1. When you look at residue 111, is it in a loop (DSSP other than H, G, I, E, B), exposed (fewer than 11 other Cβ atoms within 10 Å of the Cβ) and more than 17 Å from the chain's Cα centre (by Cα), yes or no?
2. Residue 55: modelled with pLDDT under 90 and on the phi < 0 side of the Ramachandran plot, yes or no?
3. What tally of residues in segment 114-135 results from selecting those that are over 21 Å from the mean Cα position of the chain (by Cα) and either part of a loop (DSSP other than H, G, I, E, B) or at pLDDT below 85 (or both)?
4. Name the single residue that is surrounded by the fewest Cβ atoms within 10 Å (Cβ to Cβ) among those in segment 80-105 being more than 14 Å from residue 59 (Cα to Cα) and touching a residue at least 12 places away in the same chain (Cβ under 8 Å).
5. Taking residue 32 as the residue in question, decide whether it is surrounded by 11 or more Cβ atoms within 10 Å (Cβ to Cβ) and either part of a helix (DSSP H, G or I) or touching a strand residue (DSSP E or B) at 6+ places or on another chain (Cβ under 9 Å) (or both).
6. Can you pull out every residue in segment 119-133 that is touching a residue at least 24 places away in the same chain (Cβ under 8 Å) and under 16 Å from residue 51 (Cα atoms)?
7. Go through segment 67-79 and report how many residues are out of contact with any strand residue (DSSP E or B) (no Cβ under 7 Å at 6 or more places or on another chain), in a helix (DSSP H, G or I) and either free of Cβ contacts under 8 Å to residues at least 24 places away in the same chain or crowded, with 17+ Cβ neighbours inside 10 Å (or both).
8. State all residues of segment 67-98 that are closer than 23 Å to residue 50 by Cα and out of contact with any helix residue (DSSP H, G or I) (no Cβ under 7 Å at 6 or more places or on another chain); if no residue qualifies, say none.
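The values are calculated or read from the model by the stated rules, or taken from the named source; none is laboratory data. Only a predicted model underlies this, so the values are computations on that prediction, with no experimental measurement involved. Note that each Cβ is placed from the backbone with ideal geometry, even for glycine, and that neighbours are counted across all protein chains shown.
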């Protein structure tokens, strides 16, 4: 009979050890999950900014091509975005950069220049169409 009591005591001790997690264990798991989430969100934000820059470059190229077509038909004229919507650009597409600033069209040189003032809108780091590896 004494053998049965010892086995029963051992089972009770094992059950008590398996009941749950302590508060410290739960806090450690939460801290680990929060640090993983922070790392992932920082990586996503960097990629989002890179994709906005690529989008601005591609849109600047599209508008630049439309300006070139416009100038082929209307020599010595520099169009506005509204002029380009009349048959040169899709009127349903956005004509603002990803940061909701208008694109700038500069026709002073031999080739038209189309650029965005960038994320801050100040123009300190303009985003231009990249063709042939250059700016």
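1. In short, no.
2. no
3. Of all residues in segment 114-135, those over 21 Å from the mean Cα position of the chain (by Cα) come to 114, 131-135.
From what is left, the residues that are either part of a loop (DSSP other than H, G, I, E, B) or at pLDDT below 85 (or both) are 131-135.
Of the residues in segment 114-135, 5 are over 21 Å from the mean Cα position of the chain (by Cα) and either part of a loop (DSSP other than H, G, I, E, B) or at pLDDT below 85 (or both).
4. So, considering only residues that are more than 14 Å from residue 59 (Cα to Cα) and touching a residue at least 12 places away in the same chain (Cβ under 8 Å), the one surrounded by the fewest Cβ atoms within 10 Å (Cβ to Cβ) is 80.
5. Taking the combined requirement at face value, the residue does not satisfy it.
6. 119, 127, 128, 129, 130
7. Residues flagged as out of contact with any strand residue (DSSP E or B) (no Cβ under 7 Å at 6 or more places or on another chain), in a helix (DSSP H, G or I) and either free of Cβ contacts under 8 Å to residues at least 24 places away in the same chain or crowded, with 17+ Cβ neighbours inside 10 Å (or both) within segment 67-79 amount to 4.
8. Correct list: 93, 94, 96.
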